[in-house]
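> Dropping the structure in here first, questions after.
The values are calculated or read from the model by the stated rules, or taken from the named source; none is laboratory data. Keep in mind it's a predicted model, so treat the numbers as computed, not measured. A quick note on method: Cβ atoms are made from the backbone with ideal geometry, for glycine too, and the neighbour counts reach across all protein chains shown. Side chains are part of the model used for accessible areas, which takes the heavy atoms of the whole protein and leaves out ligands, DNA and RNA. Shrake-Rupley method; radii C 1.70, N 1.55, O 1.52, S 1.80 Å.
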Amino acid sequence: MAVPGGNAALTVTVTYGSEKHNLRISSQEEDSQPTVRDMALLIEQVTGVPLSFQKLIYKGKSLKEMEQPLTTFGVKNGCKVMLIGKRNSPEEETELKKLKDLEKSVEQIAKKIEEVNKELGGIQKGFLAKNLQTEALNQLDKRIKGTAEQFMKILEQIDAIALPENFSDCKQKKKGLVKKVQAFLAQCDTVEGSIGQEMDKLQSKNMALAE
């Protein structure tokens, strides 16, 4: 939705203890005004204080509504915003980096599901000669099983990351990543089931022709 005067970047000064940061905040969305979330994500990058630990104060009021445009709270160019919150310890940052690297691997592996799905769709629509379909389906079955195995290995790696109780930012990230991998594993199961159905159909047709 277009917002009057949308996409206007704001420059604000964020104070954090004795630190001062001049930030230029623009919206992630096209034709939208920068929101509290846009500012909080930039503050996380610059100060190292995770979004979940940030308390942002402007003119004595706490900015809690993340999806609201900054202008709703009267934040203009040159305004000062105060940040309260703690940075992660270097130890927690190290664990967080491991989880972020694993997340990148998960996203790369997930592309393989899309590729298999696309090729399966082509076979279902009859884009491949009948005599080549059995071999193609067998290959797709191998690939999707291999992809599921890669996800299982990632789950084992995530599980092997032991986190102390006070690493709350890491714990949140770990929990979210496990859910993401489980959702992709469920997709692998669905695709594998669809490949199995196509193989059964093909087998039935071949048997009918043989009779």
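> Once you list every other residue whose beta carbon is under 14 Å from the beta carbon of Thr72, what net charge do they have if Lys and Arg are +1 and Asp and Glu are -1? Don't skip to the end; give the middle numbers.
Details: positive: Arg37, Lys59, Lys61, Lys64, Lys76; negative: Asp38, Glu65, Glu67.
Once positives and negatives cancel, what remains is +2.
> Assign unit charges at the C-beta atoms only (+1 for Lys and Arg, -1 for Asp and Glu), then state the dipole size of the range 1-117 relative to its Cα centre in Debye, rounded to the nearest 20.
Working: 17 positive and 17 negative charges, 135 e Å.
My answer is approximately 640 debye.
> Going toward the positive end of the dipole of the range 86-211, with +1 on Lys and Arg Cβ and -1 on Asp and Glu Cβ, which of Gly196, Gln133, Ile161 do you reach last?
Final value for the positive-end residue is Ile161.
> Under a plain spin-label model, where a point goes 7 Å from the Cα along Cα-to-Cβ, how far apart in nm are Ala8 and Ser89?
With each label placed 7 Å out from Cα toward Cβ, I get 4.5 nm.
> If you roll a 1.4 Å probe over the heavy atoms of the protein chains, what accessible area per residue do you get for the chain, in Å²? Before the final figure, lay out the partial values.
On the way: 13130 Å² over 211 residues.
Ligands and nucleic acids excluded, the result is 62 Å² per residue.
> Picking from Ser27, Thr72, Gly176, whose Cα lies most toward the positive end of the charge dipole for the chain (charges on Cβ: Lys, Arg +1; Asp, Glu -1)?
Thr72
> Please compute the modelled spin-label separation between Asn22 and Ala183, points set 7 Å along Cα→Cβ, answer in nm with one decimal.
About 4.0 nm separates the two model spin labels.
> In the range 104-211, which trypsin sites (Lys or Arg not before Pro) fall in coil by DSSP and have 11 or fewer other Cβ atoms within 10 Å? Walk me through the numbers before you get to the answer.
Numbers: sites: Lys104, Lys111, Lys112, Lys118, Lys125, Lys130, Lys142, Arg143, Lys145, Lys153, Lys171, Lys173, Lys174, Lys175, Lys179, Lys180, Lys201, Lys205; in loops: Lys125.
When the trypsin sites (Lys or Arg not before Pro) of the range 104-211 are filtered for loop state and at most 11 Cβ neighbours within 10 Å, Lys125 remain.
> Next up: Suppose every Lys and Arg Cβ carries +1 and every Asp and Glu Cβ carries -1, with no other charges. What dipole size does the range 70-153 come out with about its Cα centre, to the nearest 20 debye? Before the final figure, lay out the partial values.
Working: 17 positive and 13 negative charges, 60 e Å.
In total the dipole reaches around 300 debye.
> Right, another one. Given R₀ = 30 Å, FRET efficiency for Lys97-Lys59 by Cβ-Cβ distance, to 0.05?
Numbers: r = 36 Å, r/R0 = 1.20.
Plugging the Cβ-Cβ distance into 1/(1 + (r/R0)^6) gives 0.25.
> May I pose another question? Over the range 10-121, what is the mean sequence separation of C-alpha contacts under 8 Å (at least six apart), divided by residue count, expressed as relative contact order in percent? Numbers along the way, then the final one.
Details: 131 pairs, mean separation 31.0, N = 112.
RCO, the range 10-121: 28 percent.
> Right, something else. Rounded to the nearest 10 degrees, what's the angle between the helix 90-124 long axis and the longest principal axis of the chain, both from Cα atoms, 0 to 90?
For 90-124 against the chain, the angle is about 40 degrees.
> Please identify every one of the trypsin sites (Lys or Arg not before Pro) in the range 1-94 that sits in a loop by DSSP and has no more than 12 other beta carbons within 10 Å of its own beta carbon.
Values: sites: Lys20, Arg24, Arg37, Lys55, Lys59, Lys61, Lys64, Lys76, Lys80, Lys86, Arg87; in loops: Lys59, Lys64, Lys76, Lys86, Arg87.
For trypsin sites (Lys or Arg not before Pro) across the range 1-94 that sit outside H, G, I, E and B with at most 12 neighbouring Cβ atoms in 10 Å, the list reads Lys59, Lys64, Lys76, Lys86.
> Sticking with this one: For the chain, what is the convex hull volume of the alpha-carbon atoms per residue, in Å³?
Values: hull volume 32.3 nm³, N = 211.
Per residue, the Cα convex hull of the chain comes to 153 Å³.
> OK, next. If the cut-off is 24 Å between C-alpha atoms, which lysines fall inside it for Lys104, apart from same-chain ones fewer than 8 positions away?
Qualifying lysines at Cα under 24 Å: Lys112, Lys118, Lys142, Lys145, Lys153, Lys171, Lys173, Lys174, Lys175, Lys179, Lys180.
> Can you give me the % of accessible surface on the range 87-179 that is carbon or sulfur? Probe 1.4 Å, all protein chains present, nothing else counted. Provide the component values of the computation, followed by the final result.
Values: 3110 of 5900 Å².
After summing per-atom areas, the C and S share lands at 53 percent.
> Normalised by the residues of the chain, what does the relative contact order come to in percent, with Cα pairs under 8 Å and at least six apart? The partial results should precede the final answer.
Working: 231 pairs, mean separation 36.4, N = 211.
The normalised contact order for the chain reaches 17 percent.
> So how tilted is helix 36-47 from the main axis of the chain? Cα-based, degrees 0 to 90, rounded to 10.
Orientation of helix 36-47: about 80 degrees from the principal axis.
> Taking the Cα centre of the chain as origin, sum charge times position over the Cβ atoms of Lys and Arg (+1) and Asp and Glu (-1), and report the length of that vector in debye to the nearest 20. The partial results should precede the final answer.
Details: 32 positive and 30 negative charges, 154 e Å.
The dipole of the chain has a size of about 740 debye.
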